[in-house]
Amino acid sequence: MNALPSPDSLSTPATDTLTSTGAAHVSIKGVTKVFNGRKGRVQALEPVDLDIRRGEFVSILGPSGCGKSTLMMLLSGLLPASSGQITVDGKEINAPNPEAGIVFQKDVLLDWRSALENVMIQAEIRKSDKAEAKARAMELLSMVSLDDFHDAYPSELSGGMRQRVSICRALLHKPPLMLMDEPFGALDAMTRDQLQLDLLKLCRDDDMTVFFITHSIPEAIFLSDRVVVMTPRPGRVERIVNIDLPRPRRLAMREDPKFIQYVHELTGIFKSLGVFREE
Amino acid sequence: MAMASATEPQQDGTRALAPVLKVLNGVPLAVWTLIGLLLFWEAYVRLANVPPFILPAPSAIAQEFRAYGHRLFPNALVTMFEVVFGFTCAVLIGVPLAVAIVYSKFIQKGVYPLIVASQTIPKVAIAPLLLTWFGYGMTPKIVIVILLSFFPIVINSVMGLRSASDEMIHLARSMGASAWQTFWKFRLPHALPSIFAGLKLATALSVIGAIVAEFIGADKGLGYLILIAGSNFDVARQFAAIICIALIGMCFFFTLEMVERFAIPWRNKSDVSGEA
Ligand SMILES: Nc1ncnc2c1ncn2[C@@H]1O[C@H](COP(=O)(O)OP(=O)(O)OP(=O)(O)O)[C@@H](O)[C@H]1O
Ligand SMILES: [Mg+2]
């Protein structure tokens with residue numbers, strides 16, 4: 001168990017910038033967030049710097065309460081940052097960015113709409129072409145094997161099915177940027193595996209950038225090109241780990257020695273941050 | 001073959017009875033209970049010789065309906081009109097007011113507390129006042145029906161409209177929904193079950209409101225009939241009027257239930273699948 005790989009061999013330091021690949025799709029520069037809640041001032045984020053390339057799958061790993069959801073809310077423009085600057089495609093974000101697709105931890109399906117109608121709300125709000133959107137909605141639902149359930153109400157679906165519908169909803173308008181806040185957090189391990197595969201399949205075709213929040217180290221490694229490790233609150237980027245595994249990812253890769261090395265490395269980082277304490 | 005022919009007559013027998021059994025089976029259990037109670041009531045009155053000015057038998061009440069129906073019916077129509085018209089006004093005032101309370105800080109802080117506080121005043125206490133203002137016609141009755149039924153409508157609608165989760169509102173905003181779209185496609189449908197719960201409470205209250213208002217001062221309506229029959233010790237007539245009131249209340253409630261089924265189809269669908 002002491003055979004942890006030296007961090008330097010696999011990871012890049014947190015100050016890593018994307019000088020080599022030109023302009024970033026998403027660029028976060030010195031972003032902080034302070035909440036003035038009932039318990040006074042809460043510094044949720046210390047200056048965070050992060051650049052994300054177009055088409056990249058980036059996972060955010062961090063202990064509970066470190067500000068992951070807050071960072072996503074800032075990226076979506078639903079919350080304003082206290083300081084710093086966020087740009088997407090070079091445009092500064094200071095209002096909700098309708099180009100992003102968002103999946104929340106809860107599926108937030110609308111009870112009064114069938115699965116298909118829940119996906120279609122996206123088109124209705126955006127006033128996009130109905131027939132075209134419907135065809136795409138059905139295609140997305142069938143990609144996650146829900147075609148037989150397109151007219152079922154959410155109350156008739158299981159938790160995993162509901163979350164799949166909410167992912168389809170976020171994907172309907174082909175968002176260049178997907179923001180996902182622990183979308184599989186509430187699901188059992190088996191459903192989770194399936195949904196990870198579904199997600200990778202859905203992302204593969206379009207050149208989509210994914211910002212994926214998770215608590216699970218294996219999940220982050222399995223899905224991502226890079227894993228961003230955040231410190232406990234107030235959160236900032238502690239380390240970025242490049243995941244050098246071939247795509248398409250297969251479930252069997254989780255037994256790969258390289259995969260296990262990544263798990264050790266990330267676990268080691270959290271131990272050094274005092275997130276895991278063993279006796 | 002022999003066995004088949006032997007069982008055939010038996011099958012024919014049950015087959016002949018089948019439609020009858022089916023109809024009997026289709027009658028809800030509560031109806032059987034009601035029939036049982038009526039039979040017991042009838043038997044008790046006859047066997048114990050209860051005088052009709054204390055408790056008339058169901059058959060006597062039925063006789064009253066036959067003899068007095070021509071007077072009951074127009075008065076029932078009056079009461080029904082007061083109830084339905086007052087209730088409709090209460091909905092038309094209550095639901096928009098709830099929307100205003102949820103959307104306007106001013107109305108929420110400046111008006112809502114007064115509405116809540118005003119509920120400590122018993123409506124019956126202001127009924128005589130309404131009579132002096134609006135006379136003995138239908139207007140004061142309708143006003144009382146509105147006053148009684150509008151409060152649960154407002155309260156439940158406000159609760160429903162407020163209960164939209166942060167995530168739901170975030171979702172709407174992330175799609176670029178306008179304020180109108182957020183209301184129409186998210187908040188309002190989300191609030192419908194709660195609004196209907198308020199409407200159902202209001203149906204019962206609006207019937208009470210109409211009857212009480214007629215007690216206090218009227219020259220028609222079922223409440224008025226009950227009062228007159230009471231002063232004449234005509235108990236059978238009072239019972240007949242009470243049954244009319246109950247029927248009005250039930251029809252009203254079930255009509256609303258039908259509308260709810262139509263307006264909230266996602267609810268019953270899961271109910272039905274749960275039962276099956
Ligand atoms: N609206 C708010 N008002 C006040 N404080 C808040 C608010 N939202 C979040 N916080 C605080 O900011 C910190 C970070 O919260 P955040 O939800 O981003 O954490 P998280 O990393 O997503 O945690 P988890 O993994 O448990 O979801 C927390 O300490 C929380 O108390
Ligand atoms: Mg969170």
| note | Matching residues in the stretch A:108-134 (more than 9 Å from chain B (Cβ to nearest Cβ) and open to solvent by less than 60 Å² (accessible area, probe 1.4 Å)) number 9
| query | surrounded by fewer than 23 Cβ atoms within 10 Å (Cβ to Cβ), among the β-branched types (V, I, T) and within 15 Å of ligand 1 (Cβ to nearest atom), is that true of A:I217? | reply | yes
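Could you list all residues from the stretch B:121-174 that are small (G, A, S) and under 30 Å from A:G77 (Cβ atoms)?
Passing the criteria: B:G160, B:S163, B:A164, B:S165, B:A172, B:S174.
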| note | Conditions (1) surrounded by 23 or more Cβ atoms within 10 Å (Cβ to Cβ); (2) in contact (Cβ under 8 Å) with a residue 60 or more places away in the chain -> A:L74 fails only (2)
| Among B:D234, B:D219, which is the only one that is buried (at least 18 other Cβ atoms within 10 Å of the Cβ), charged (D, E, K, R), farther than 28 Å from B:I153 by Cα and out of contact with any His (no Cβ under 6 Å at 6 or more places or on another chain)? | B:D234
| task | Sort out for me the helices (runs of 4 or more DSSP H) sitting completely within the stretch B:161-232 that have 3 or more residues that are within 14 Å of chain A (Cβ to nearest Cβ) and over 17 Å from B:F85 (Cα atoms). | result | B:166-174, B:188-216
| request: State which residue is farthest from the other protein chains (Cβ to nearest Cβ) when the search covers only the stretch A:149-206 and only residues that are open to solvent by 10 Å² or more (accessible area, probe 1.4 Å) and of a type in the set (F, W, Y). | output: A:F149
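Scan the helices (runs of 4 or more DSSP H) fully inside the stretch A:47-161 and keep the ones with 2 or more residues being more than 16 Å from ligand 1 (Cβ to nearest atom).
Details: elements: A:68-76, A:115-126, A:130-143.
Filter on the stretch A:47-161 gives A:115-126, A:130-143.
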| Counting just the residues of the stretch A:19-70 that are acidic (D, E) and over 16 Å from the mean Cα position of the chain (by Cα), which one comes out nearest to ligand 2 (Cβ to nearest atom)? | A:E46
| message | The conditions are (1) touching a residue at least 60 places away in the same chain (Cβ under 8 Å); (2) open to solvent by 50 Å² or more (accessible area, probe 1.4 Å); (3) more than 18 Å from B:A98 (Cβ to Cβ), and B:V207 fails exactly one of them. Which is it? | response | (2)
| query | Residues of the stretch B:42-75 being open to solvent by 60 Å² or more (accessible area, probe 1.4 Å) and in contact with a Leu (Cβ under 9 Å, 6 or more places away or on another chain), which ones? | reply | B:Y44, B:F65, B:R71
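The values are calculated or read from the model by the stated rules, or taken from the named source; none is laboratory data. Predicted model, so just to flag it, every value in this text is computed and none were measured. Ideal geometry is used to build each Cβ from the backbone, glycine not excepted, and the neighbour counts take in all protein chains shown. Just so you know, the surface numbers come from the protein's heavy atoms only, side chains and all, with ligands and any DNA or RNA stripped out. Shrake-Rupley method; radii C 1.70, N 1.55, O 1.52, S 1.80 Å.
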